[in-house]
Amino acid sequence: MQIDQLDLETRSKIYNYTKKVLRKYQKGITTGKLTADKFVENILSNGFISDILNEDILSENEFKESYTSYIAKLIDIQNENLSESKKKRFKTTPEKPSIPQRIKLKNLLDSSGYALSIPLEYLNSCDVDGIIKYITTQSIDLGNERIYNYVHKTNLN
């Protein structure tokens, strides 16, 4: 089983845990001493991930390979964000969603029975696009699992 075949809740838990570990070892990542392969070995030997997934899935080579490429993608995203922030002398705010994007999101939320977990003002344009895609297709791109925590189904009685 590959990581993108898991349900969104499980992927979100794996994403949150993996990001936490990546932040912890950020210096080793930026110097290149820690690779995705080493992370997979360490994370899979750690007991926490076995609380999320059963041992059968964790022992599959296909899962290990997909998890290695997933971690490599997260490392690339993190390194890109770090290099971009170092290049900029002045902090710039991420691109805010356009008015048509906001209207589309609000209409979609109202019609689909979803609600935002955080205020719209804290979302950037890419987050709004990800949320719209999630609500319409029920899928989230790999590496963008944080979107899952931004939206929840409302209880319509």
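The values are calculated or read from the model by the stated rules, or taken from the named source; none is laboratory data. What you see is a predicted model, and the numbers here were worked out from it, not measured in a lab. Quick reminder, even Gly has a Cβ in these numbers, built from the backbone with ideal geometry, and neighbours come from all protein chains shown. The protein model used for the area step is the full one, side chains on, heavy atoms only, and it has no ligands, DNA or RNA in it. Shrake-Rupley method; radii C 1.70, N 1.55, O 1.52, S 1.80 Å.
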Obtain the nm distance between the two label points defined at Asn61 and Leu142 by a simple spin-label model: each point lies 7 Å from its Cα along the Cα-to-C-beta direction.
1.8 nm
Using only the alpha carbons of segment 56-157, what is the convex hull's orientation-averaged projected area in square nanometres?
9.1 nm²
Please give the FRET efficiency for Ile77 paired with Asn107, using the beta carbon to beta carbon distance and R0 = 30 Å, rounded to the nearest 0.05.
0.50
Just tell me which lysines come within less than 17 Å, Cα to Cα, of Lys20; anything on the same chain fewer than 8 places away is out.
Lys38, Lys73
With every protein chain kept in place and a 1.4 Å probe, segment 81-148 has an accessible area per residue in Å² of 66 Å²
Over all distinct alpha-carbon pairs, what is the Kirkwood Rh of segment 4-99 in angstrom?
14.9 Å
Normalise the Debye intensity by I(0) for segment 28-82, one equal point scatterer per Cα, no solvent, then take log10 at q = 0.12, 0.17, 0.25 Å⁻¹ and round to two decimals.
-0.29, -0.56, -1.00
With +1 assigned to the C-beta of every Lys and Arg and -1 to the C-beta of every Asp and Glu, and no other charges, what is the dipole magnitude of the chain about the Cα centre in debye, to the nearest 20?
1100 debye
Accessible carbon and sulfur surface of the chain relative to its total accessible area, %, 1.4 Å
50 percent
In nm, the gap between the two label points placed 7 Å beyond Cα toward Cβ at Asp37 and Asn155 is 5.0 nm
